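Inspection log for the structure reproduced underneath, given as structure tokens.
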Amino acid sequence: MDNSQGKITVYIDPDLEDLIPGFLENRQSDIEEINQALQQGNYESVQVLGHGMKGAGSGYGFDEISEIGAKLEDAAKNQDGSSIRILAEELKTYLEQVEIKYEE
């Protein structure tokens, strides 16, 4: 992962190229769902979303998404709303900065 000039470059297996846009769109949707769940005090939903990210991120080559997912899961277990807000913002920033390159 290269983090030069505000971009985060992630190298992905070209076999996953067709799946990546949908995967990243789903993470954008997760941010909205996390914020809605947090407003409703629904920590269980945040925990489930975090767990899903933790499991899926690395499988697609996005280790950072897995790390954020694990932290979200833990924050939800602890009902730590401020950490959840920070992590949702971290995910948003990551998705804005990520640049995908497919390995040859």
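The values are calculated or read from the model by the stated rules, or taken from the named source; none is laboratory data. Please read these numbers as outputs of a predicted model, since none were measured by experiment. Note that each Cβ is placed from the backbone with ideal geometry, even for glycine, and that neighbours are counted across all protein chains shown.
Details
- Near pairs, Cβ below 9 angstrom, 6+ apart or cross-chain, from region 82-94 (over 18 Å from residue 39 (Cα atoms) and modelled with pLDDT of 95 or more) to any residue that is surrounded by 15 or more Cβ atoms within 10 Å (Cβ to Cβ) and aromatic (Phe, Trp, Tyr): 94/62
- One residue from 36, 40, 97 being at pLDDT 95 or above, polar (S, T, N, Q) and in contact with a strand residue (DSSP E or B) (Cβ under 8 Å, 6 or more places away or on another chain): 97
- Among the conditions (1) without any contact (Cβ under 8 Å) to a residue 60 or more places away in the chain; (2) crowded, with 17+ Cβ neighbours inside 10 Å; (3) under 22 Å from residue 13 (Cα atoms); (4) among the hydrophobic types (A, V, I, L, M, F, W, C), residue 56 misses just one, which is (2).
- Considering region 10-44, the residues that are under 16 Å from residue 78 (Cα atoms) and surrounded by 16 or more Cβ atoms within 10 Å (Cβ to Cβ) include one that is nearest to the chain's Cα centre (by Cα), namely 34.
- Of residues in region 59-81 being touching a residue at least 40 places away in the same chain (Cβ under 8 Å) and buried (at least 16 other Cβ atoms within 10 Å of the Cβ), the one farthest from residue 17 (Cα to Cα): 64
- For region 56-66, the condition of being among the charged types (D, E, K, R) and touching a Phe, Trp or Tyr at 6+ places or on another chain (Cβ under 7 Å) holds for at least one residue.
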